[in-house]
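What follows is a set of notes on a single structure, which appears directly below.
The values are calculated or read from the model by the stated rules, or taken from the named source; none is laboratory data. Only a predicted model underlies this, so the values are computations on that prediction, with no experimental measurement involved. With ideal geometry, Cβ positions are generated from the backbone for all residues, glycine too; neighbour counts draw on all protein chains shown.
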Amino acid sequence: MRLEKVSEAERKMLLSFKCPSFETQPWVSGPPLNQRRVAIITTAGLHGRQDRPFQMDPDDFYRVIPGDVQANGLVMSHLAASFDRTGFYRDWNVVFPLDRLRELVSEGVIGSLADFHYSYNSVRAQPNAPEPIREIASLLKKDSVNAVLLFPV
Amino acid sequence: MLSHFIEEEGLPTTGISLIRPHTEVIKPPRALWVAFELGRPMGPPNNAAFQKRVMMSLLRLLEAPSGPLLEDFPDDEPESSDELTVLACPENFYQAATETMETDLLESAFRQEINALRPWYDMAVAKRKRTTVGVSGIDIEALWHFIYTFVVGKEPENPRKDLSLAYMLKFAVEDLKSYYIEGITAEPSQEGVSSQVLQDWFWDETKAGQVLLELKKVCEASPDKMMNMIGGHFIVPGEVARRKVE
């Protein structure tokens with residue numbers, strides 16, 4: 001986003017968020033794109049229409065999105081009111097670009113897509129807890145994923 | 001943050017950055033900063049060619065030999081030719097819109113407005129083969145009543161056992177917003193209207209916006225802490241709330 005395009009109050013609010021910094025700098029490489037198995041992780045609070053909506057429960061971290069999900073299968077229960085949702089209302093690819101990835105698989109640009117993708121709600125009680133993230137990582141490894149794409153809102 | 005831990009577990013990551021100064025501190029292994037507004041990491045809706053370019057820029061970071069990498073996607077969202085479209089509303093939307101409207105008049109105007117949008121909402125669902133309405137599980141026909149009951153200081157019956165009334169209210173409010181925006185953007189030549197025009201329309205010109213601004217006040221005065229938080233932060237966008245107070 002362009003911070004200069006929002007009001008002074010909004011800019012101050014956004015810049016006041018504390019971001020973690022790390023002493024180590026992990027870096028994992030992988031095969032060429034056409035051999036990559038790709039998964040999405042989104043922080044947009046997306047989940048299946050019949051799934052439990054997200055609440056601010058630190059013990060309830062993520063939802064699983066099956067790889068064969070269709071656009072009408074996903075809804076959003078993120079708590080924040082400040083980010084734009086009008087894009088997502090019209091096209092799920094704005095937040096969850098699965099159609100774009102499916103096209104790239106059929107064009108042979110990337111290898112394949114994961115059986116499962118993951119979603120969580122970035123408004124939570126313990127924003128920096130690594131354990132549930134490591135759990136998602138171990139699930140992605142079981143799914144033979146070697147490229148994880150991250151989409152915030 | 002997310003990418004740091006996943007990469008530590010041995011998986012390569014690449015991600016969109018929306019707020020560049022945050023990414024500069026976190027230093028994820030690979031990030032593509034985009035100029036698009038919050039809520040749109042892939043850019044404009046219904047523009048597959050543009051989204052594909054964003055996606056390719058994001059994927060190409062995976063081919064770099066070393067990092068951390070923070071690249072900038074070069075383009076802003078394309079300007080829409082519909083930017084200045086005045087959103088057409090059914091006639092009865094323009095019924096006396098006074099700040100001091102009696103609550104029962106506001107209630108009936110709110111109901112009328114919801115009903116008037118219904119053909120366009122139905123059209124939107126048919127055209128897009130999807131809807132984002134449905135998180136609360138409350139039928140569209142019952143949404144207005146559920147929300148309006150809070151506005152007049154009462155508590156409706158909670159139709160679900162797994163969510164508190166405060167959460168139910170939040171999700172009902174989001175269902176209402178989805179309903180309005182999905183509907184109005186299905187009207188002729190309004191599919192590509194900018195988020196700003198849609199936001200201004202919803203909060204300045206609709207009865208729904210007026211109802212939700214009233215609802216915010218009611219929640220903020222509630223003895224229930226969760227209601228306070230929902231009303232204080234999660235019903236009206238901060239930018240809108242500040243503008244309406246000033």
- Message: I need the full set of residues from the range B:189-205 which are of a type in the set (S, T, Y), under 19 Å from A:S82 (Cα atoms) and in a loop (DSSP other than H, G, I, E, B), in order please.
- Response: B:S194
- Message: Between B:A208, B:A142, B:A186, which is in a helix (DSSP H, G or I), among the hydrophobic types (A, V, I, L, M, F, W, C) and within 17 Å of the chain's Cα centre (by Cα)?
- Response: B:A208
- Query: modelled with pLDDT under 95 and either in contact with a Ser or Thr (Cβ under 6 Å, 6 or more places away or on another chain) or at the interface with another protein chain (Cβ under 7 Å from one of its Cβ atoms) (or both), is that true of A:F54?
  - Reply: yes
- Within the range A:1-29, of all residues that are more than 7 Å from chain B (Cβ to nearest Cβ), over 21 Å from the mean Cα position of the chain (by Cα) and in a loop (DSSP other than H, G, I, E, B), the one surrounded by the most Cβ atoms within 10 Å (Cβ to Cβ) is A:V6
- Message: Against the definition (modelled with pLDDT of 95 or more, under 26 Å from B:A186 (Cα atoms) and touching a helix residue (DSSP H, G or I) at 6+ places or on another chain (Cβ under 7 Å)), how does A:A39 come out, yes or no?
- Response: no
- A:F151, sole failed condition from (1) more than 7 Å from every other protein chain (Cβ to nearest Cβ); (2) under 25 Å from B:L70 (Cα atoms); (3) of a type in the set (A, V, I, L, M, F, W, C): (1)
- Among the residues of the range B:167-209, write down those that are among the hydroxyl-bearing types (S, T, Y) and more than 9 Å from chain A (Cβ to nearest Cβ). B:Y179, B:Y180, B:S189, B:T206
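Of all residues in the range B:210-246 being among the small types (G, A, S) and surrounded by fewer than 20 Cβ atoms within 10 Å (Cβ to Cβ), which is nearest to the other protein chains (Cβ to nearest Cβ)?
Checking each candidate, the answer is B:G238.
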- Query: Looking at the range B:10-45, which of the residues that are of a type outside the set (D, E, K, R), assigned to a strand (DSSP E or B) and more than 7 Å from every other protein chain (Cβ to nearest Cβ) is farthest from A:R134 (Cα to Cα)?
  - Reply: B:W33
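Test A:P58 against the stated conditions and say whether it is in a loop (DSSP other than H, G, I, E, B) and either polar (S, T, N, Q) or over 12 Å from A:Y120 (Cβ atoms) (or both).
Taking the combined requirement at face value, the residue does not satisfy it.
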- When the range A:61-78 is checked residue by residue, the ones that are within 10 Å of chain B (Cβ to nearest Cβ), in a loop (DSSP other than H, G, I, E, B) and either touching a His at 6+ places or on another chain (Cβ under 8 Å) or loosely packed, with under 15 Cβ neighbours inside 10 Å (or both) are A:Q70, A:S77
- Considering only the range B:12-43, how many residues are surrounded by fewer than 22 Cβ atoms within 10 Å (Cβ to Cβ), of a type in the set (A, V, I, L, M, F, W, C) and farther than 17 Å from A:G45 by Cα? 5
- Message: Residue under question is B:P188, and the condition is that it be surrounded by fewer than 23 Cβ atoms within 10 Å (Cβ to Cβ) and either under 22 Å from A:L79 (Cα atoms) or of a type in the set (G, A, S) (or both); does it hold?
- Response: no
- The number of residues in the range A:37-51 that are facing another protein chain (nearest Cβ under 7 Å) and in a loop (DSSP other than H, G, I, E, B) is 1
- Hey, can you tell me all the residues within the range A:81-91 that are assigned to a loop (DSSP other than H, G, I, E, B) and within 13 Å of A:L46 (Cα to Cα)? A:R85
- Message: Which count do you get for residues in the range B:2-30 that are of a type in the set (A, V, I, L, M, F, W, C) and in contact with a Ser or Thr (Cβ under 6 Å, 6 or more places away or on another chain)?
- Response: 2
- Query: Which of the following residues is over 28 Å from the mean Cα position of the chain (by Cα) and not β-branched (V, I, T): B:G15, B:G43, B:G67, B:G39?
  - Reply: B:G67
